[in-house]
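Report on the following structure.
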Amino acid sequence: MAENASKETRRETKLPYARPVLRKVPLRPEEAVLGFCKSSNAAGPSGANCIPIGPCNTQGT
Amino acid sequence: MDSLAAASLTVGGLTLAVRASDARLRFTNGPGSDAFYAGGAAPDVLLHARFEDLDRWKPGETVFDTHGSWRLTREGEVLSFACLASHLGAVPYKVARLRPGDAEGELLIHRGARDTEAAVEPLQFPLAELLFIDLLSRRGGVLVHACGVVVNGRGLLFTGHSQAGKTTTARLWENVSGAVVLSDDRIVLRLEEDGRYWMFGTPWHGDAALSVAERAPLAAVFVLEHGDRNAFVDLSKVEAVSSLLARSFLPFHDPSAMDSTLALLEELVDAVPCRRYPFVPGPEAVRCVLEKA
């Protein structure tokens, strides 16, 4: 009896089926992986405080 | 500028230090306020630096290649973050080598045709950020592409891709009474021992050059985008996590570190309100946030 009541409660509280929804999240791979220098006033081979190496050809973001 | 035999950088409560193993090697500090480079704290990671002819250096198996500013390789357990510049081709100008989770490693600096008298900025872009991304993922933190503002002790995070309005937002808040802009481009978020999420300034600023070595408890997250009016749009949990994830700098090279970062963001959006914020640049955009946050 108690078992039947419990099954009934579970049935009542069960959430209705919701179809999965696929959402696309726009990514910016070149930003996400730090593939490019941020700007000339940040660090980086083109930075104003760049000492070790020459001009940067990877300006980005 | 003074040159140094050791350098350290503290971001998000974590310290990365570099010590010269070669007497000819001298360092200078990088961008941002000197407070980031004050040192003092025991380093969480220490790199022993020396000159090396990196044109003879043999990278191991490639783990990840940006085909731009850096490449990650692996030899056994040792990871090598190789920094690249187009004029040197495949020869890195600098390589940081360490085992994941280790407190010490080495930093090899290409001797090349260098004037060895000149001081080196050892943690120059992108190395410091790469090493901090790795370190943060092991210490309950993440580096986010965001502008961070502290108002009345409350941290407001404005996250966005490039051109979304981070620098514009920083400039709008820069002169607001009682507001401090921690960074106009990069913010560290960390779960601290008090159970709260904290927002930290970083030295890696954007065009507004705003960078403050302070922190505040995170009170609200706004996902920035340009709009035709100021509006707040509630995000579902999935939307909030994915929005933050897409605007974070992630340890893609390490599946367990990615798992930790995902778990951190999932818990963060349960604890802190996260909304999309289409806005129109102007004082009204600030007023709307002050009323909402």
Shielding by other protein chains, B:79-89, mean Cβ within 10 Å: 3
Rg(Cα) / (2.2 N^0.38 Å) computed for region B:154-271, rounded to two decimals: 1.06
Unit Cα scatterers, Debye sum, region B:111-192: log10 I(q)/I(0) for q = 0.18, 0.26 Å⁻¹: -0.83, -1.20
Spin-label zone in region B:172-203 - amide nitrogen under 18 Å from a point set 7 Å from the Cα of B:N152 along the C-beta vector: B:173-181
Separation of alpha-carbon centers, region B:94-139 and region B:176-204, rounded to whole Å: 24
Net dipole in debye of chain B [+1 Lys, Arg Cβ; -1 Asp, Glu Cβ; about Cα centre; nearest 20]: 220
Total charge dipole magnitude, the protein assembly as shown, about the Cα centre, Cβ charges on Lys, Arg, Asp, Glu only, Debye to nearest 20: 680
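When the solvent-accessible surface of protein heavy atoms is calculated with a 1.4 angstrom probe, in what order do B:K237, B:K94, A:K24 fall, highest first? Spell out each step's value before the answer.
Numbers: B:K237 85, B:K94 5, A:K24 195 Å².
From most accessible down to least: A:K24, B:K237, B:K94.
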Rounded tilt (10° steps) of B:283-292 against the dominant C-alpha axis of chain B: 80
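Using 0.36 nm per residue, how much length does the chain from B:H67 to B:D194 gain when fully extended, once their Cα-Cα distance is taken away? Don't jump to the answer; show the numbers that get you there.
On the way: separation 127, 0.36 × 127 = 45.72 nm, distance 4.10 nm.
That works out to 41.6 nm of additional length.
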Centroid-to-centroid separation of region B:2-31 and region B:209-230 [C-alpha atoms, Å]: 30
Distance-filtered residues of region B:85-119 - backbone nitrogen under 16 Å, label point 7 angstrom along B:A23 Cα→Cβ: B:116-117
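Under a Cβ-Cβ cut-off of 10 Å, what is the net charge of the residues other than B:A49 that fall near it, where Lys and Arg count +1 and Asp and Glu count -1? Walk me through the numbers on the way to the answer.
Details: positive: B:R19, B:R50, B:K94; negative: B:D22, B:E52, B:E106.
Residues close to B:A49 contribute a combined charge of 0.
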Between 0 and 90°, nearest 10: helix B:127-138 axis offset from chain B longest Cα axis: 70
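List the equivalent ellipsoid semi-axes of region B:35-181 in whole Å, largest first, each obtained as the square root of 5λ for an eigenvalue λ of the Cα gyration tensor.
Numbers: eigenvalues 224, 63, 56 Å².
Square roots of five times the eigenvalues give 33, 18, 17 Å.
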Amide N proximity, region B:78-111 versus B:A41 label position 7 Å along Cα-to-Cβ, cut-off under 16 Å: B:103
Estimated distance in nm for a label pair at B:Q163 and B:E266, the labels positioned 7 Å out from Cα along Cα-to-Cβ: 3.4
Helix-derived mean residue ellipticity, 222 nm - over the protein assembly as shown, DSSP H n ≥ 4, -39500 (n - 2.57), to 500: -6000 deg cm²/dmol
Highest-MSF residue in chain B out of B:D234, B:D207, B:D194 [GNM, Cα springs under 10 Å]: B:D194
Cα radius of gyration and Dmax for region B:82-136 (Å): 12.2, 35
GNM flexibility winner over chain B from B:V180, B:V149, B:V272 (Cα, springs under 10 Å): B:V272
Pair-distance profile P(r), taking every C-alpha pair of the protein assembly as shown, with 20 angstrom steps and integer %: 30, 53, 15, 3, 0
Residue-level accessible surface for B:M199, protein heavy atoms, 1.4 Å, Å²: 0
Compactness of region B:234-285 as Cα Rg over 2.2 N^0.38 Å, two decimals: 1.37
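Against the 2.2 N^0.38 Å scaling, with N counting residues, where does chain B land? I'd like the Cα-based Rg ratio to two decimal places. Mind dumping the intermediate values first?
Numbers: Rg = 19.7 Å, N = 293, 2.2 N^0.38 = 19.0 Å.
Scaled against compact globular proteins, the figure is 1.04.
The values are calculated or read from the model by the stated rules, or taken from the named source; none is laboratory data. It should be emphasised that the depicted structure is a prediction, and the values quoted were computed from it without experimental measurement. With ideal geometry, Cβ positions are generated from the backbone for all residues, glycine too; neighbour counts draw on all protein chains shown. Note: accessible area is taken over every heavy atom of the protein model, side chains too, but ligands, DNA and RNA are not part of it. Shrake-Rupley method; radii C 1.70, N 1.55, O 1.52, S 1.80 Å.
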